[in-house]
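A short write-up of the structure that comes next.
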Ligand code: GUN
């Protein structure tokens with residue numbers, strides 16, 4: 001029997017509708033949730049990402065603004081703009097699109113964003129909160145994966161979860177979130193010796209490495225849930241994930257496609273974090 005294909009587009013739409021209701025409620029209290037996106041340089045992929053982020057905010061009725069800087073902008077200028085946005089009451093979330101040009105220290109930039117407006121969840125305070133078992137601003141991609149699992153009623157507690165990938169943006173926070181929900185978690189990398197030995201134990205397999213078809217069908221446990229975070233463009237222009245979808249779907253019970261799986265959820269959770277940031281401001285008022 002083939003796997004159920006997890007429809008990230010449909011789930012993202014439903015989740016955005018829920019967050020729109022919450023944003024509308026804030027508007028009745030006179031608060032319009034606002035997101036500021038900073039981009040330095042003209043990386044085409046980054047520009048496409050931020051266009052999609054802004055579009056999602058507009059669909060939910062949030063205020064959003066783009067702060068574009070040329071590639072040779074000094075770090076000082078970028079930090080100055082962040083400091084201004086940190087105290088701007090119309091802005092509840094600040095996101096600096098990565099990667100930044102090499103003369104700018106990304107870590108310094110992340111630490112300059114107020115942890116209360118860090119909707120990416122990359123600030124050390126927010127990462128620390130995740131380690132301590134709290135969720136202030138969960139990083140958007142793993143938060144989106146968790147939301148997909150919850151929407152599909154896929155249990156996490158007591159399950160064997162294997163995360164392939166150890167990035168600060170996806171792998172590490174994903175492992176912590178699954179651990180917090182009671183899974184037994186293993187973290188692997190693309191260099192793990194005999195990777196299949198681990199992946200074959202996974203009731204929930206999350207792959208975020210950036211290597212097309214790293215995970216073959218034979219590496220998937222029968223009945224597993226397979227979440228493919230990878231987005232890779234093949235020489236023929238086709239977009240594929242890190243999992244061999246056609247093979248894996250014959251063994252999995254649930255699987256995300258690429259595109260149309262995790263991608264739409266990442267942007268949705270950015271909207272969620274921005275609305276939540278504004279709700280916290282409303283609570284304090
Ligand atoms: N570049 C690629 N993914 C992301 C993300 O989730 N947030 C930011 N700020 N930059 C990125």
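Quick notes on this one:
- In Å, descending, principal axis extents of the Cα set of the stretch 1-83: 54, 44, 15
- Principal axis extents of the Cα atoms in the stretch 148-285, from largest to smallest and rounded to whole angstrom, are 55, 39, 27.
- Counting every alpha-carbon pair across the stretch 8-48, the share separated by more than 15 Å comes to 63%.
- Mean projection area, nm², convex hull over Cα of the chain: 15.0 nm²
- Between the Cα long axis of helix 140-151 and the first principal axis of the chain there is an angle of about 60°, rounded to the nearest 10.
- Top of 69, 137, 122 by mean-square fluctuation, Gaussian network on the chain, Cα under 10 Å: 69
- Three-way shape call for the stretch 124-196 based on the alpha-carbon gyration tensor, with the a/c threshold at 1.5: oblate
- Descending Cα extents along the principal axes, the stretch 214-279, whole Å: 46, 32, 14
- Among 62, 200, 95: highest mean-square fluctuation, GNM of the chain, C-alpha pairs under 10 Å: 200
- Alpha carbon convex hull of the stretch 50-154, projected area averaged over orientations, nm²: 7.9 nm²
- Given their separation in residues at 0.36 nm each and the Cα-Cα distance between them, residue 201 and residue 32 gain 56.2 nm when the chain is fully extended.
- Cα shape, the stretch 185-239, gyration tensor, a/c 1.5 rule: prolate
- The stretch 5-91, relative contact order in percent, only Cα pairs under 8 angstrom and at least six apart counted: 34 percent
- Taking the chain and dividing mean pair separation by its residue count, relative contact order in percent (alpha carbons under 8 Å, at least six apart): 23 percent
- Stokes-Einstein diffusion coefficient of the stretch 76-116, Kirkwood radius over Cα pairs, 20 °C, 1.002 mPa s, in µm²/s: 201 µm²/s
Where a number appears in this text, it was derived from the coordinates with a stated rule and is not lab data. Worth saying up front: this structure is predicted, and the values here are computed from it rather than measured.
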